[in-house]
Amino acid sequence: MKITENYLDPDVSYLLGLIVARGTLYETTGDKKIIVEFPFKNLIAEGIKKQFVQEDHMHFSLFLIRERIYELTESDMEIEKTTGSARLIIRFLRNSITWRNINYLLKSKRSYCDFEIPKAIYSGDSIIKKEFVRGIADCAGFIRESNNYMGGKRRVYIEINNKNWKLPIQLCDLLQRHLTVPVQLIQWGHPNTREPEQVKKRGTTWAREHQVKIFAEAFQPIGFYVKYKNEILNEFAEADTKIAGHINVCNPNPEIRRKGKKPKHREENNSLLPAELRGKHYNTYWQICLDLGCEQCTKVDKRQMPTFEDVIEDTAEEDG
């Protein structure tokens, strides 16, 4: 059977964002379900003046999200607590049109380790695109003081599973070219960017999540539906407008970027790396972006040296 159309509105778009960020689809005889995980690491989430017990406030927001999705799916839904996360379980008792539509839009893939941005999102209007990004951010976005850049402006980190090397590039493109939201950089889970000086080290501790980093001011027009995250975002964004520095769109143009040389790392040929990167050495994150298909490299005046675009890469651990 050839499917020629699919249904996509803001609610479906938001649900797709949740699934692409942290969702897994399961299907056995008589049981079809989607499990979406909402992780948090610390007990307390802190802004400038506000503090939140993450477990309590995450569950409050999940009840609201559940009500919204129930209107869409009319499925059995439950919220499950786990250590350091909450899970939303959406169970379909039959092969409903919603279940089939989601499978079609996600090309029958099953895990956030493999999901890409559905093509239908790109052809939607700005509301569709924003709802999709909000879905991703509610699951995989983190805003905290430790996410500051060199002691200054704070950032949102959108964390993407290390096995998924396509989604960071696609998300950056959607934000910058479709929603005019500048991305500062992508911190790749690659030995040259995660452990650049530990050249003799064996093992895969470098294979941590990829992080798409966006300044709080830039992300404010998108925001979160998870209420406590959005309140912290607004606190930081308001304060950061008083900190000097212009926020530019990331442009991986070699002609305008400074880069230092990093030593070769013994894990550069590890099988966990995608074929496009395996066996290659990288001195900076945007070289990885270009090899993974980034098409945002545009020619500009060589004299342009943006304050927050020509970045020193972050390698510190985050405590979110």
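Any read-out appearing in this document is the output of simple, stated calculations on the displayed coordinates, not a laboratory observation. Not measured: the values here are computed from a predicted model. We place every Cβ from the backbone using ideal geometry, glycine too, and count neighbours over all the protein chains shown.
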Residues within the stretch 22-55 that are touching a helix residue (DSSP H, G or I) at 6+ places or on another chain (Cβ under 9 Å) and of a type outside the set (A, V, I, L, M), tallied | 16
Scanning the stretch 140-186 for residues that are among the hydroxyl-bearing types (Ser, Thr, Tyr) and more than 18 Å from residue 38 (Cβ to Cβ), the one surrounded by the most Cβ atoms within 10 Å (Cβ to Cβ) turns out to be 149
Does the stretch 112-159 hold any residues that are outside any loop (DSSP other than H, G, I, E, B), farther than 17 Å from residue 224 by Cβ and among the aliphatic types (A, V, I, L, M), and which are they?
-> 120, 121, 128
Scanning the stretch 222-245 residue by residue, the ones that are among the small types (Gly, Ala, Ser) and surrounded by 17 or more Cβ atoms within 10 Å (Cβ to Cβ) total 2
Looking at the stretch 83-95, is at least one residue among the aliphatic types (A, V, I, L, M) and within 15 Å of residue 138 (Cα to Cα)?
-> yes
Name every residue in the stretch 61-111 that is aliphatic (A, V, I, L, M), outside any helix (DSSP H, G or I) and closer than 27 Å to residue 227 by Cα, in order of residue number.
-> 77, 79, 86, 88, 89, 90
Within the stretch 209-221, the count of residues that are in a loop (DSSP other than H, G, I, E, B) and buried (at least 18 other Cβ atoms within 10 Å of the Cβ) comes to 2
Checking residue 202 against (1) out of contact with any Lys or Arg (no Cβ under 6 Å at 6 or more places or on another chain); (2) in a helix (DSSP H, G or I); (3) of a type outside the set (A, V, I, L, M); (4) farther than 21 Å from residue 249 by Cβ, which single condition isn't satisfied?
-> (2)
For residue 239, indicate whether it is part of a loop (DSSP other than H, G, I, E, B), over 13 Å from residue 287 (Cβ atoms), aliphatic (A, V, I, L, M) and over 23 Å from the mean Cα position of the chain (by Cα).
-> no
